1. Identify the residue in the range 12-36 that is closer than 17 Å to residue 60 by Cβ and modelled with pLDDT under 80 and, among all such residues, is surrounded by the most Cβ atoms within 10 Å (Cβ to Cβ).
2. Just to verify a result, which residue in the range 140-170, among those that are loosely packed, with under 13 Cβ neighbours inside 10 Å and in contact with a helix residue (DSSP H, G or I) (Cβ under 8 Å, 6 or more places away or on another chain), is modelled with the highest pLDDT?
3. Is one or more of the residues making up the range 115-134 in contact with a strand residue (DSSP E or B) (Cβ under 9 Å, 6 or more places away or on another chain), surrounded by 12 or more Cβ atoms within 10 Å (Cβ to Cβ) and farther than 21 Å from residue 55 by Cα?
4. Among residues belonging to the range 97-114 that are within 22 Å of the chain's Cα centre (by Cα) and surrounded by 14 or more Cβ atoms within 10 Å (Cβ to Cβ), point out the one that is farthest from residue 60 (Cα to Cα).
5. Quick one: in the range 37-54, of everything that is in contact with a helix residue (DSSP H, G or I) (Cβ under 9 Å, 6 or more places away or on another chain) and farther than 24 Å from residue 87 by Cβ, which residue is surrounded by the fewest Cβ atoms within 10 Å (Cβ to Cβ)?
6. Mind checking which residues of the range 117-158 are more than 24 Å from residue 83 (Cα to Cα) and assigned to a helix (DSSP H, G or I)?
């Protein structure tokens, strides 16, 4: 999840620039020769999007439909009829602000989608963008970190559901054993 977070939140990192030179920003589109890093990131993005929300300022790393940024839930889940008319499902909030929401929607909206459109446009007119970077946060306003994300995911669970990510990784066996044998984090 750390790599997915950095990919979406830190566009100036050299490896992120290199990643987007090789792959399109549409992460869900599988390239002809995906790397191991692409697989890891693509596997963790849904978890990252579902367990976090954005403090949105400039909208550059914020997905308009898929992130919780304007309300406490995603616009995709609150307005599914309007979302079904979207041309780009992973459009960024900054792109919608610059080009307008209507450029991202297909022609001939159904009546329910038109009603949703009016509500979303009313919500957007009250939002004011700034030049500050967006900040991805965990529930209860915790800043995103590996420790905070792990603790949030593990609340109320007896076993680690991510153990398969550790044992299925391509890390040398001595590092896997060291990780599992290390004392409480």
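1. 27
2. Filtering the range 140-170 for residues that are loosely packed, with under 13 Cβ neighbours inside 10 Å and in contact with a helix residue (DSSP H, G or I) (Cβ under 8 Å, 6 or more places away or on another chain), the one modelled with the highest pLDDT comes out as 146.
3. yes
4. Looking at the filtered set, the residue picked out is 105.
5. Checking each candidate, the answer is 43.
6. Of everything in the range 117-158, those that are more than 24 Å from residue 83 (Cα to Cα) and assigned to a helix (DSSP H, G or I) turn out to be 139, 140, 141, 146, 147, 148, 149, 150, 151, 152, 153, 154.
The values are calculated or read from the model by the stated rules, or taken from the named source; none is laboratory data. Please read these numbers as outputs of a predicted model, since none were measured by experiment. For neighbour counting, all protein chains shown are included, and Cβ atoms are generated from backbone atoms with ideal geometry for every residue, glycine included.
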